[in-house]
Amino acid sequence: MERKNSDNECPVRKSMQIFAGKWTLLIIYQINSRIIRYGELKRAIPGISEKMLINELKFLCDKGLIAKKQYPEVPPRVEYSLTPLGEKVLPIIDEIAKFGMENL
């Protein structure tokens, strides 16, 4: 692949605008190929605040990586799953995990 200058059109820069968040890849990794409810996701990521998780989920939904399904129940039930675009990130996360296991 031809490398471009790291201007605003650089594909690495564009990708990093999505994936550079502290929690982004962890959220995608936890959702993985399952449907997960908000509370379960919150418990699966120790240290993330409720506000941060809500903001990150909204951001990832807006970017088309995560799908959110709300049910009209009391109390409200919300489920999250990866979209086909979000599933494309899983091999990248697998490689990062592999690097961590082998080198850190």
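The values are calculated or read from the model by the stated rules, or taken from the named source; none is laboratory data. Quick caveat, the model's predicted, so the values are computed rather than measured. Counting neighbours? That spans all protein chains shown, and the Cβs are built from the backbone with ideal geometry, glycine included.
Overview of results
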read-out	value
Some residue of the range 70-79 being modelled with pLDDT of 95 or more and within 10 Å of the chain's Cα centre (by Cα)	no
Counted residues, the range 13-32 - those being surrounded by 11 or more Cβ atoms within 10 Å (Cβ to Cβ), hydrophobic (A, V, I, L, M, F, W, C), at pLDDT below 95 and farther than 16 Å from THR83 by Cβ	1
Residue among ILE35, ILE66 that alone is more than 13 Å from ILE93 (Cβ to Cβ), touching a Gly at 6+ places or on another chain (Cβ under 7 Å), surrounded by 12 or more Cβ atoms within 10 Å (Cβ to Cβ) and at pLDDT 95 or above	ILE66
Single residue of LEU57, LEU41, LEU53 found to be touching a residue at least 24 places away in the same chain (Cβ under 8 Å) and closer than 16 Å to GLN17 by Cα	LEU57
Every pair of residues 6+ apart whose Cβ atoms lie under 7 Å, when the first sits in the range 77-97 and is touching a residue at least 24 places away in the same chain (Cβ under 8 Å) while the second is among the aromatic types (Phe, Trp, Tyr)	ARG77/TYR71; VAL78/TYR38; ILE93/TYR29
Unmet requirement for GLY21, which otherwise passes all of (1) of a type in the set (Gly, Ala, Ser); (2) over 27 Å from ASP7 (Cα atoms); (3) touching a residue at least 12 places away in the same chain (Cβ under 8 Å)	(2)
